[in-house]
1. Would you work out the Kirkwood radius for the chain? I mean one over the mean of 1/r across all pairs of different Cα atoms, in Å.
2. Count charges around ALA118 for me, please; just the other residues with Cβ under 11 Å from its Cβ, Lys/Arg as +1, Asp/Glu as -1.
3. Starting from one equal scatterer on each C-alpha and no solvent at all, send me the Debye-based log10 I(q)/I(0) for the stretch 1-136 at q = 0.11, 0.18 Å⁻¹, two decimals.
4. On the accessible surface of the chain, probed at 1.4 Å, how many percent belong to carbon and sulfur atoms?
5. When N counts the residues of the stretch 76-203, how does its alpha-carbon radius of gyration compare numerically with 2.2 N^0.38 Å, as a ratio?
6. With a 1.4 Å probe and every protein chain left in place, work out the accessible area per residue of the chain in Å², rounded to a whole number.
7. Using the Kyte-Doolittle scale, which helices in the chain average at least -0.5 and also have C-alpha atoms spread 24 Å or more along the helix axis, with helices defined as whole DSSP H runs?
8. If you take the alpha carbon radius of gyration of the stretch 135-190 and divide it by 2.2 N^0.38 Å, what ratio comes out, to two decimals?
Amino acid sequence: MVVTTFIFASQDGLSRHLAEAANTPMIVMIRYWFFALFVISIARRQKGSIRAAAATSQPLVQAFRGALLALEIMVMVLAFVYLGLVESHAVFAVYPLLIGALSGPVLGEKVGWRRWTAIAVGFVGVIIILQPGSSVFSPYAAIPFLAALMFAVYGLLNRYVARLDDTATSFFWTGVVGAIVSTAIGVFYWEPLQGWDWALMLLLCITGAAGHYTMIKAYEVAEASAIQPFAYLQLVFASAIGLTIFGETLRINVIVGAGLIIAAGLFTFWRERVRRKQN
C-alpha cells in the first residue's frame with residue numbers, strides 16, 4: 001500500500017505537468033485509453049471472457065460510478081493546475097470523512113456520535129485550509145473539495161455494487177465506461193504534445209496501471225480496514241513532489257488543517273474496526 005501511494009503521488013505530479021503543457025481533458029482521455037486496455041486484460045484473465053466480466057444485474061449503477069470516477073479525475077487534475085499538489089491533496093484527504101457522513105443516507109449504515117464528531121473535526125480542518133473568510137480566498141480552493149465529494153460518492157457506490165458484483169466486474173466497468181466518458185470530452189480538446197511530454201505521457205499511463213496492480217495485490221493480502229490508513233501517505237508523497245519539483249510552499253494553515261483531517265480520518269478507521277469486532 002505504501003508503494004501504491006507513492007506511485008499515485010508520482011502520477012499526480014505527472015498529471016499536473018502534462019495538464020499545464022496541454023490540457024486536462026486530453027491528458028485524462030489518453031490515460032484512460034491505456035487503463036481500459038489494462039482493465040480488459042485483467043478482466044479476461046479473471047473471468048475468462050469480456051462478456052463474463054461485463055455481466056451485471058446493475059448496469060446503470062456500474063456505468064454511473066465509472067463515469068463519476070472519470071469526471072472526478074478531471075476535476076482533481078484541474079485542482080493540481082490551479083492550486084498545486086500540496087493544498088489539493090490536503091483538502092482531498094477529507095474524502096473518508098465524507099464517506100462516513102454519506103454512508104447513512106446512501107447505504108443506510110448507522111453513524112454514531114463519535115464518528116459524527118470526527119467528521120465535524122475534519123470539516124474544521126478543511127475550513128482552516130481554505131480560509132474562506134480571508135481576503136485572498138480563491139474560488140479554485142473549492143475544486144479539490146468537489147473532487148473529494150465525488151470520490152466519496154464513488155466509494156459508496158463501490159460498496160453498493162459489491163453486494164451483487166465481484167471486484168473483476170466492477171473493475172471492468174470502471175475502466176471501460178471511464179474511457180468512453182473521458183473520450184467523449186477529451187476528443188474536443190486534442191492538441192499535440194511536445195518533445196519529451198509524449199514520453200512522460202507514456203510514463204503516466206504505465207504508473208496508472210502499476211498503481212492499480214499494486215493496490216489490488218495489497219487488498220489481496222490484507223484487510224481493507226488495516227491498510228486503508230496508509231492511503232494518507234499519498235498526501236505526504238504528493239506534498240514532497242510539489243515542494244521539491246514544482247516549488248510549492250507549505251503554509252501553516254495547510255499543515256494544521258491537514259493534521260486535523262488526517263487525525264479525524266484515522267479515528268474513523270479505528271472506530272470502524274472496533275465496531276466490526278463488536279459485531
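1. One over the average 1/r among Cα pairs gives 19.4 Å for the chain.
2. Net of charged neighbours comes to +2.
3. Listed by q, the Debye log ratios stand at -0.60, -1.24.
4. The computed percentage sits at 69.
5. 1.30
6. Ligands and nucleic acids excluded, the result is 48 Å² per residue.
7. 2-21, 24-47, 59-83, 113-130, 143-161, 167-186, 197-221, 252-278
8. Taking N as the residue count of the stretch 135-190, the ratio is 1.54.
The values are calculated or read from the model by the stated rules, or taken from the named source; none is laboratory data. Values in this document were obtained by computation on a predicted structure and should not be read as measured data. As a convention, Cβ positions derive from the backbone with ideal geometry for all residues, glycine included, and neighbour counts pool all protein chains shown. These area figures cover heavy atoms from the full protein model, side chains too; ligands, DNA and RNA do not enter into them. Shrake-Rupley method; radii C 1.70, N 1.55, O 1.52, S 1.80 Å.
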